[in-house]
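Here the structure is laid out as structure tokens; the discussion comes afterwards.
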Number of protein chains: 2
Amino acid sequence: MIKKALFSCCALAVFAASPAFAQTPAGLPTPDSIVAASSAEEWTEIAPEDVLVMELAPDRDGNERRVVIQLMPAPFSQPWVENIRALARDHWWDETSVYRVVDNWVAQWGDVSEEKPLPEGMVSPDAEYGTYAGNHLPFALGISGRKQQLIERIEGMMVFASQSTFVENAFFQGFPIAGEAGLDQIPSWPMHCYGSVGVARDLAPDTGTGAELYAVIGQAPRQLDRNIAVIGRVIEGMEHLSTLKRGTGDAGVYEDRDEDTAIISVRLASEIPNPPSYEYLSSDSYSFSRYVTLRANRKDEFYQISARGVDICNVQVPVRAIEAEISE
Amino acid sequence: MIKKALFSCCALAVFAASPAFAQTPAGLPTPDSIVAASSAEEWTEIAPEDVLVMELAPDRDGNERRVVIQLMPAPFSQPWVENIRALARDHWWDETSVYRVVDNWVAQWGDVSEEKPLPEGMVSPDAEYGTYAGNHLPFALGISGRKQQLIERIEGMMVFASQSTFVENAFFQGFPIAGEAGLDQIPSWPMHCYGSVGVARDLAPDTGTGAELYAVIGQAPRQLDRNIAVIGRVIEGMEHLSTLKRGTGDAGVYEDRDEDTAIISVRLASEIPNPPSYEYLSSDSYSFSRYVTLRANRKDEFYQISARGVDICNVQVPVRAIEAEISE
């Protein structure tokens, strides 16, 4: 039963669920077979102070809802990331809520009353959304304005969809990063993809403090790039945000506060007992380059025509939980 | 209250909800102000035989859930579209269900038992997913491999993200269409974007009948283009699919049948009394070209840095319900 369902546009999910089927019956590699065959050394553990654990109120059936966010690595968006760590240490989000959900757009949380005092001295950073400090970073699989160099550096061809002819893309420490091409000085910035977490703000020049956050729950809204601070991405429990009822008030804010989803707590993994821990497939690893190449060039018993390219927001960086060791 | 929410990455939704605010306070045009200012002649009514109305079982609070799909216009995917019209006329989907939901991927429906007989003689079409017949269509705002011609034809610059260097994009009768560039004969095919509806199938060369369908509920999975028949898109009630609980069985199929969402009925609008009717902003209209230009070049009190480009799947073609006239 469900045979049709199994192979219906779902090879990724099927094989992800079944490592034994890491290759298609014909033995052709798939993105998941590459991940399954990667070596332990190719994975990078995410530091506990970069992991934000948000516990939402249980759902109507009493199921727990944990959403885990990986914070953006330096040099990107660090003034907001620092605010967010301070807010978590302050337990500031406890008893706040998810109060706005717009289909194919965002789920947003924080203090809907706008009356909760921020920690003393916390303000919206006076900072840029992108950085020139990225110029000398070890980008992997893509580099601003120098596609030829990229293609020579990796096995197979890698063609990312650019947002426009002016923008090129790359990965850095597992995050998708965009850069401006054709300039001597090349600014770069974190992208808005599905699952990206950003800092809600009022009209510019306000940049937001980080107290009000949102996660992207639809097609990558790349027009927000460089207009909002991207501070991380959801690495577990995304479905607890993406399945929330859409709001019917102005801008998708719930009309009644009893529609809100209560936030029980938000903590840094470094501050809780028995925290979950995670690792991502290093974006400068051989297996990651193979994985992206296959995301761009599907060809197996299900995929008959290869796209010969992939949008960088359609390359989900593999992340997995690290099982805790049982100590006696 | 909620001021912060109103302007947090949401100008689109705000102004869509409030035509009175069709322009930003500074008077700068936005995509929604362009739509609000469009003339009635620029909209095209969708024929009732191209509208599929799916009634899901009410939600847990007793709210009705109607999902409306616009079928793909000729010459694209017509063998499957014909099957789908026949299935609707046969009331084939009544008492079937939505049985598979995968986050950032698809919600899928049909007969999970795989035992329901199809209408007599219905088979998976022996047809191509793309067509050369598109060569002579009046594409708007983009044409395969002739970007220069495009740019000269419209006001402002329009740069779509290509999936790869080989693919160009365009709109046709309100649908996003991709084409292969650099060839004398240029095949074109409908795209997988958020809300696109496609035909689930087993391994190739099976193409699926159209009885099992799915809607995309995440980042555009363009790797499915030309590997699956795209037969339409959701134009109303998308949230009734995108908010469904994600499945935990193989490939995201629900493990228990009581997790399924029952389908009460699927009908062509041409076959039901008092059908809803819709119109879309014609993709060859002046207002549509202005709308896309602004989607690619946001610049107002909220958006400070324009992306100078937009992914075609991030250009939601405006669709609106036509209010029924009250007759005495």
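Just checking, does the stretch A:184-202 include any residue being facing chain B (nearest Cβ under 7 Å), outside any loop (DSSP other than H, G, I, E, B), at pLDDT 75 or above and more than 19 Å from A:ALA74 (Cβ to Cβ)?
no
Quick check on the stretch B:318-328: of everything there that is at pLDDT 80 or above and in a loop (DSSP other than H, G, I, E, B), which residue is nearest to B:ILE235 (Cα to Cα)? First the steps, then the outcome.
Step one: list which residues in the stretch B:318-328 are at pLDDT 80 or above, which gives B:318-323.
Remaining after also requiring in a loop (DSSP other than H, G, I, E, B): B:318, B:323.
Working: B:PRO318: 9, B:GLU323: 15 Å.
Once the filter is applied, the top-ranked residue is B:PRO318.
Would you please name the residue that is most open to solvent (accessible area, probe 1.4 Å), looking only at residues in the stretch B:283-317 that are over 26 Å from B:GLY232 (Cβ atoms) and of a type in the set (S, T, N, Q)?
So, considering only residues that are over 26 Å from B:GLY232 (Cβ atoms) and of a type in the set (S, T, N, Q), the one most open to solvent (accessible area, probe 1.4 Å) is B:GLN304.
Given the conditions (1) surrounded by 22 or more Cβ atoms within 10 Å (Cβ to Cβ); (2) of a type in the set (A, V, I, L, M, F, W, C); (3) over 25 Å from A:LEU87 (Cβ atoms), which single one is not true for A:VAL266?
Answer for A:VAL266: the failing condition is (3).
Run down B:ALA262, B:ALA220, B:ALA251, B:ALA215 and say which single residue is in a loop (DSSP other than H, G, I, E, B) and in contact (Cβ under 8 Å) with a residue 12 or more places away in the chain. Can you show your working first?
Working: B:ALA262 fails: in a loop (DSSP other than H, G, I, E, B); B:ALA251 fails: in a loop (DSSP other than H, G, I, E, B); B:ALA215 fails: in a loop (DSSP other than H, G, I, E, B).
Going through B:ALA262, B:ALA220, B:ALA251, B:ALA215 in turn, just one is in a loop (DSSP other than H, G, I, E, B) and in contact (Cβ under 8 Å) with a residue 12 or more places away in the chain: B:ALA220.
Is it the case that A:GLU301 is closer than 22 Å to A:ILE46 by Cβ and among the acidic types (Asp, Glu)? Working first, answer last.
Numbers: closer than 22 Å to A:ILE46 by Cβ: no; among the acidic types (Asp, Glu): yes.
When the stated conditions are applied, A:GLU301 does not pass them.
When both residues are 6+ apart or on different chains and their Cβ atoms are under 8 Å apart, which pairs have a first residue that lies in the stretch A:308-319 and is facing chain B (nearest Cβ under 10 Å) and over 20 Å from A:SER285 (Cβ atoms), and a second that is polar (S, T, N, Q) and open to solvent by 30 Å² or more (accessible area, probe 1.4 Å)?
Hits for this filter: A:ARG308/A:ASN297; A:GLY309/B:THR165.
Condition test on A:ALA17, is it within 14 Å of chain B (Cβ to nearest Cβ), open to solvent by 50 Å² or more (accessible area, probe 1.4 Å) and modelled with pLDDT under 95?
On the way: within 14 Å of chain B (Cβ to nearest Cβ): yes; open to solvent by 50 Å² or more (accessible area, probe 1.4 Å): yes; modelled with pLDDT under 95: yes.
Answer is yes for this residue.
Only one of these is open to solvent by 20 Å² or more (accessible area, probe 1.4 Å), closer than 24 Å to B:PRO190 by Cβ, away from chain A (no Cβ under 11 Å) and modelled with pLDDT of 85 or more: B:GLU279, B:GLU271. Name it.
On the way: B:GLU271 fails: closer than 24 Å to B:PRO190 by Cβ.
Residue meeting the stated conditions: B:GLU279.
Out of all the residues in the stretch B:106-115, which are surrounded by 22 or more Cβ atoms within 10 Å (Cβ to Cβ) and within 7 Å of another protein chain (Cβ to nearest Cβ)?
Taking the stretch B:106-115 as the starting set, the residues that turn out to be surrounded by 22 or more Cβ atoms within 10 Å (Cβ to Cβ) are B:106-110, B:112.
Listed by number, the residues that qualify are B:VAL106, B:GLN108, B:VAL112.
In the list A:ASP284, A:ASP311, which residue meets the criterion of being closer than 22 Å to A:CYS193 by Cβ and in contact with a Lys or Arg (Cβ under 7 Å, 6 or more places away or on another chain)?
Working: A:ASP284 fails: in contact with a Lys or Arg (Cβ under 7 Å, 6 or more places away or on another chain).
A:ASP311 is the lone residue from the list that is closer than 22 Å to A:CYS193 by Cβ and in contact with a Lys or Arg (Cβ under 7 Å, 6 or more places away or on another chain).
Please go through the stretch B:223-248 and give me each residue that is under 19 Å from A:THR243 (Cα atoms), more than 8 Å from every other protein chain (Cβ to nearest Cβ) and assigned to a loop (DSSP other than H, G, I, E, B), ordered by number.
Of everything in the stretch B:223-248, those that are under 19 Å from A:THR243 (Cα atoms), more than 8 Å from every other protein chain (Cβ to nearest Cβ) and assigned to a loop (DSSP other than H, G, I, E, B) turn out to be B:GLY237, B:GLY247, B:THR248.
Restrict the check to the stretch B:132-149 and report whether at least one residue is of a type in the set (Ser, Thr, Tyr), at pLDDT below 60 and more than 22 Å from B:ARG295 (Cβ to Cβ). Quick ask: steps written out before the conclusion?
The first filter runs over the stretch B:132-149 and keeps only residues of a type in the set (Ser, Thr, Tyr), leaving B:132, B:144.
Narrowing further to those that are at pLDDT below 60: B:144.
Right, trim to more than 22 Å from B:ARG295 (Cβ to Cβ) and you get none.
No, there is no match, as no residue in the stretch B:132-149 is of a type in the set (Ser, Thr, Tyr), at pLDDT below 60 and more than 22 Å from B:ARG295 (Cβ to Cβ).
Name the residues in the stretch A:245-263 that are under 23 Å from A:ALA88 (Cβ atoms) and open to solvent by 10 Å² or more (accessible area, probe 1.4 Å), would you? Outline the logic, then answer.
The first filter runs over the stretch A:245-263 and keeps only residues under 23 Å from A:ALA88 (Cβ atoms), leaving A:260-263.
A:ASP260, A:THR261, A:ALA262 - these are the residues of the stretch A:245-263 that are under 23 Å from A:ALA88 (Cβ atoms) and open to solvent by 10 Å² or more (accessible area, probe 1.4 Å).
So how many residues does the stretch A:52-98 have that are assigned to a helix (DSSP H, G or I), open to solvent by less than 20 Å² (accessible area, probe 1.4 Å) and among the aliphatic types (A, V, I, L, M)? Give the steps one after another, and end with the answer.
Let us first name the residues in the stretch A:52-98 that are assigned to a helix (DSSP H, G or I), namely A:78-89.
This time we only want the ones that are open to solvent by less than 20 Å² (accessible area, probe 1.4 Å), so: A:80-81, A:84, A:87-88.
Okay, now just the ones that are also among the aliphatic types (A, V, I, L, M), so A:81, A:84, A:87-88.
Final tally of qualifying residues: 4.
Kindly check whether there is at least one residue in the stretch A:254-265 that is farther than 30 Å from B:ASN63 by Cα and touching a strand residue (DSSP E or B) at 6+ places or on another chain (Cβ under 9 Å).
Yes: the stretch A:254-265 contains one or more residues that are farther than 30 Å from B:ASN63 by Cα and touching a strand residue (DSSP E or B) at 6+ places or on another chain (Cβ under 9 Å).
Under the condition of being out of contact with any strand residue (DSSP E or B) (no Cβ under 9 Å at 6 or more places or on another chain) and of a type in the set (Gly, Ala, Ser), which residue from the stretch A:77-131 is modelled with the lowest pLDDT?
A:ALA127
The values are calculated or read from the model by the stated rules, or taken from the named source; none is laboratory data. Keep in mind the model is a prediction, meaning the values are calculated, not measured. Cβ: placed from backbone, ideal geometry, glycine included. Neighbour counts: every protein chain shown. Note: accessible area is taken over every heavy atom of the protein model, side chains too, but ligands, DNA and RNA are not part of it. Shrake-Rupley method; radii C 1.70, N 1.55, O 1.52, S 1.80 Å.
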